[in-house]
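The structure under discussion appears below in the form of structure tokens.
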Amino acid sequence: MIQSMTGFGNAERNGYRVEIRSLNHRFLDIYIKSPGYLNQFEFDFRKIIKERFSRGKFDVTIVVSEQDHADFDIHTEYAEKIYAAFKRMQDSMSIPGELDINSLVYFRELFFESKQKCDINLLKEVFMEAVEDIYAMRIQEGATLGEEVRDYSEALSDLNEKIRQTSTSVFSGVMEKFNERISVLMDGKEIDDNRILQEAALFAAKLDISEEVLRIASHLDQCREIIANGDVIGRKLDFILQELNREVNTISSKAASYDISSLTVEMKAAIEKMREQAQNIQ
């Protein structure tokens, strides 16, 4: 299955919410934002992602509802000491008024403690649901990307065949003109047949693009095979596209006609489109 590297997944249950976003990245990069008391479980969360994905930049947000998952403790001995201190100060300074609970509110941090409780097994289940959600999205988008890359590879194959057919007639015409020029230049002069053959061979080699055409066809076959096999293919496609671009540039430099030059421009545009899509594929 082909995966896109961009996607979003989320899940929420019983006060636990997990959101996962992924973007393009050469490697697997995971950033997890969660309450501090969950840091001890970060390795487990990372392991879950690593088992499911190979490439991409993942931003994970874990939110725990304090209302649903908080316990509160009151350290009464501290509260008693604060109250007693206020009472002594009131008696010694003859301060009127009554001391009540409101008098202690401003000092609640000294005796009031909030503790988060966490059902880690339930949280991991929610985390897995979010992972499966983003996985499904990446698979769906990956199928679309794979189809687009396949379409561009077919278009490149058609252009490559046109270049092959065009080059045959162009090559024949160029060689015919070459022979005519040689005849005019050497008219009335002694001709060294071996030298002429050597020059003709060198000239023909500079114009011959048959090997490049064959290699392009081979690279496109590999490209289609890679897409058909699926899995982690982004880097493989990137390498194939580099090779395709190199062969097209060589043909462009050897082009002996406007028609072939025009076709190589179309091929370069198609390769660039393929590269844009391949960069989104895991």
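The values are calculated or read from the model by the stated rules, or taken from the named source; none is laboratory data. The model shown is predicted, which means the values in this text are computed figures rather than measured ones. Because the Cβ atoms are built from the backbone with ideal geometry, glycine has one as well, and the counts that use them run over all protein chains shown.
Numerical summary
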item: Residue check for Ser257: more than 30 Å from Thr6 (Cβ to Cβ), modelled with pLDDT of 75 or more and under 34 Å from the mean Cα position of the chain (by Cα); result: no
item: Residue within segment 40-51 that is touching an Asp or Glu at 6+ places or on another chain (Cβ under 8 Å) and either farther than 27 Å from Ile226 by Cα or part of a strand (DSSP E or B) (or both) present; result: no
item: Per-region count, segment 12-46, residues within 16 Å of Ile134 (Cα to Cα) and over 23 Å from the mean Cα position of the chain (by Cα); result: 2
item: Every residue from segment 52-62 that is at pLDDT below 95 and either more than 26 Å from the chain's Cα centre (by Cα) or of a type in the set (Asp, Glu) (or both); result: none
item: Filter result (more than 21 Å from Gln279 (Cβ to Cβ) and surrounded by fewer than 17 Cβ atoms within 10 Å (Cβ to Cβ)) within segment 18-37; result: Lys33, Pro35, Gly36, Tyr37
item: Pair list, Cβ under 9 Å, 6 or more apart: segment 132-148 residue in the same structural domain as Glu51 (by TED's automatic domain parsing), other residue of a type in the set (Lys, Arg) and not in a helix (DSSP H, G or I); result: Ile134/Arg21
item: Subset of segment 225-254 (residues that are modelled with pLDDT of 90 or more and not in a helix (DSSP H, G or I)); result: Val232, Ile233
